[in-house]
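The values are calculated or read from the model by the stated rules, or taken from the named source; none is laboratory data. Just so it is clear, the model here is predicted, and its values are computed rather than measured. Methodologically, a virtual Cβ is constructed for each residue, glycine included, from the backbone with ideal geometry; neighbour enumeration extends over all protein chains shown.
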Amino acid sequence: MEKNNKLIELKNIVVEFDGERVIDDMSLYIGDGEFVTLLGCSGCGKTTTLRVIAGFIQPQSGEVFFDSKNINGVPPYKRSVNTIFQRYALFPNYNVYDNIAFGLRVNKVPEKEIEQRVSEMLKLVNLQGFEKRSITKLSGGQQQRVAIARAVINRPKVLLLDEPLAALDLKLRKDMQKELKNIQRQLGITFIYVTHDQEEALSMSDTVVVMHEGKIQQIGKPVDIYNEPKNAFVADFIGESNIIDGVMEDDFKVKLDGKSFECLDKGFAKGEPVDVVIRPEDVDIVPAGQGMLRGVIKSVTFRGVHFEILIDVQDFMWMIQTTDEYKEGQEVDLKIDPDAIHIMKKSKYSGQFGDYSTYSDEMDALSEITEEDEE
Amino acid sequence: MKTFGKLFTFLVYLFLYAPLLVMIIFSFNEAASTSVFTGFSLHWYGELLNKRQIGEALQNTLILASLSSITATLIGTLAALGIYHMKKKAVVKAYMTVTNIPMMNPDIITGVSLMLLFVFVGKTLGMQDSLGFGTLLIAHITFNIPYVILNVLPKLRQTDPHLLEAALDLGCTPVKAFIKVVLPAISSGIVSGLIMAFTLSLDDFVISYYTTGSDFQTLPTLIYSITKKPVKPYIYALFSIIFFVILLMLVLMNVMQAKSDRKNARKNS
């Protein structure tokens, strides 16, 4: 599907609001037909990036290219991108049909063709028979579908989606994720998708762009982002991670908590301090004496598929996910295989994340569904 | 307690409507007396029709109210848009305070100060008599604008700020996007602003009294000058007609409202 490798390119984009830097020297390119997700928490600059591409915000400096043409000064109504807004922004004075037909009517497409294309769209989003329905009489999911149809009917090269599923409940969100992915495959349109939901990002995208403080932290395929996070921020933001201070003793050998572990990483200097990432599901709990690290179980929480267990090892709180049940206060050992260990270079985020001593606060901060209000 | 409540309600309505009732009854009186009802007659209504002065004043009033309310609605809507798009909260507050002053200010002060301004400007320009229709129109537009702003601004704040962006995104130029999407969303505010401005203009006496000249009389200023002399019953006839026109309008508005409510209810189900 990748005809042109750089359909959209951002070069050294800087955006400031009232002297505050929202996007800090960001460069990124997006290939034709790609499903790219901008992932980050509220205020990281992801929505602003989207609005720069849509043309609603002019960057202070930097260039935006579309199909290798600079589109910096081009107003939104002359760009061949369409947006799906966070709260849909459907036109309340028009019914479903007129909302979907809006873009074609503006571009003076003959009514006959409009009729045909609208009915195609209604079929695509499963809303046949809703033509005359007033927008205000639709459920959230139906409004979402109208918003998709209204944007997609114009056959844009790029569809920009600003947290389109944030307002839907969990079950509906899962269904819509699948539908969106299907629509993207069917039409072959490039999707640029903004979300704060890491699960959504991992399950839908070809490429995930993790953003924080106006900067790109990591770009990569979902699997790579999960398995090989670049720094402590990414490791912590994507899924759960135990991040422990370590020292590289040699290639394939790392020392943490005073013990030497085998690992699969190399290329670090001897004696270099590093961040060691170990995912909670990759640690085995074994009876005391049979593992590498000794700890005491501090809490056990049932999460449905697994138990979430916090274990205190030398004043560092590990999180471990297992299907076996343990009791609080029990003394156990941790067994860690070489392929469970991922080594990262030290970054400015080192030491901020990955210790579950302050677990509950951290969860609150991440699960908070906040509207991004960056203007 | 219940009877007391009923009695109280009756008294309230009595005090509200007894004067009107008396006036309406005496507008049908045969004689010119306001104390003895000598018999039913449409005599005063006939006389009213013969008063060219009153017909003229009515026409003047309607022209003035239409022109001033439409102009004020245009200016006020644009002003509301300007205020809505201001970024700094302190600036918005300052503008709103300035907007509110003409509404809080006693009419007589607004009227006299406007008159002084018009006379001063007129004298400076070397005009003999500057007061007339022009100055009256300017005065009415001035006191109507704040009411339009106050009706339109909340509607703007209620509309989704992304509507305009969505229209731009779908290919509309900014002007077209405004007309197709934002204007319909705030139209109810514009209409209610227009109606309010129209009725205020229709009703105004104090400001009109000071800012109009001798050659242009509105109904309120004319009635005032007539009532300074001994009151003739044809004035009662005029008042009765005005009262019934307003009553009719209120009934019509309520009926229309009820109809559209029923229509909406049917749509909802």
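Quick notes on this structure:
- Taking strands (runs of 3 or more DSSP E) as the structural unit, those lying wholly within region A:10-91 and holding at least 3 residues that are within 14 Å of chain B (Cβ to nearest Cβ) and surrounded by 14 or more Cβ atoms within 10 Å (Cβ to Cβ) correspond to A:81-84.
- Residue count for region A:46-71 under the criterion of being at pLDDT below 90 and either outside the structural domain of A:THR195 (by TED's automatic domain parsing) or not charged (D, E, K, R) (or both): the result is 1.
- In region B:125-150, the residues that are among the hydroxyl-bearing types (Ser, Thr, Tyr), modelled with pLDDT of 90 or more and over 15 Å from the mean Cα position of the chain (by Cα): B:THR135
- Residue within region B:166-185 that is within 20 Å of B:SER68 (Cα to Cα), part of a helix (DSSP H, G or I) and either out of contact with any Gly (no Cβ under 7 Å at 6 or more places or on another chain) or more than 14 Å from chain A (Cβ to nearest Cβ) (or both) present: no
- Search result, residues across region A:173-224 that are under 15 Å from the mean Cα position of the chain (by Cα) and among the acidic types (Asp, Glu): A:ASP197, A:GLU199, A:GLU200, A:ASP206, A:GLU213, A:ASP224
- Any hit, region A:161-171, residues being at pLDDT below 90, away from chain B (no Cβ under 13 Å) and not in a loop (DSSP other than H, G, I, E, B): yes
- Residue in region B:74-82 that is in contact with a His (Cβ under 9 Å, 6 or more places away or on another chain) and part of a helix (DSSP H, G or I) present: no
- Residue match in region B:15-23 (condition: aromatic (Phe, Trp, Tyr), more than 17 Å from B:PHE244 (Cβ to Cβ), in a helix (DSSP H, G or I) and out of contact with any helix residue (DSSP H, G or I) (no Cβ under 9 Å at 6 or more places or on another chain)): yes
- Listed by first and then second residue, the pairs linking a residue in region A:121-134 that is within 14 Å of another protein chain (Cβ to nearest Cβ) to a residue that is aromatic (Phe, Trp, Tyr), with Cβ atoms under 8 Å apart and 6 or more places separating them unless they lie on different chains, are A:LYS132/A:TYR97.
- Which numbered condition A:GLU111 misses (of (1) within 23 Å of A:VAL208 (Cα to Cα); (2) away from chain B (no Cβ under 14 Å)): (1)
- Here A:VAL313 does not qualify as farther than 30 Å from A:GLU213 by Cβ, more than 26 Å from the chain's Cα centre (by Cα) and without any contact (Cβ under 8 Å) to a residue 40 or more places away in the chain.
- Condition met for A:PHE102 (facing chain B (nearest Cβ under 10 Å) and in a loop (DSSP other than H, G, I, E, B)): no
- Evaluating B:ALA139 against the criteria (1) within 14 Å of chain A (Cβ to nearest Cβ); (2) buried (at least 19 other Cβ atoms within 10 Å of the Cβ) leaves one unmet condition, (1).
The rows are residues; the columns are (1) in contact with an Asp or Glu (Cβ under 6 Å, 6 or more places away or on another chain); (2) of a type in the set (A, V, I, L, M); (3) part of a loop (DSSP other than H, G, I, E, B); (4) crowded, with 16+ Cβ neighbours inside 10 Å.
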{"site": "A:ILE225", "(1), (2), (3), (4)": "no, yes, no, yes"}
{"site": "A:PRO229", "(1), (2), (3), (4)": "no, no, yes, yes"}
{"site": "A:ASP236", "(1), (2), (3), (4)": "no, no, no, yes"}
{"site": "A:VAL286", "(1), (2), (3), (4)": "yes, yes, no, no"}
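- Flag if B:GLY126 is more than 14 Å from chain A (Cβ to nearest Cβ) and under 30 Å from A:ALA54 (Cα atoms): no
- Filtering region B:152-165 to residues that are buried (at least 16 other Cβ atoms within 10 Å of the Cβ), among the charged types (D, E, K, R) and away from chain A (no Cβ under 11 Å) leaves only B:LYS155.
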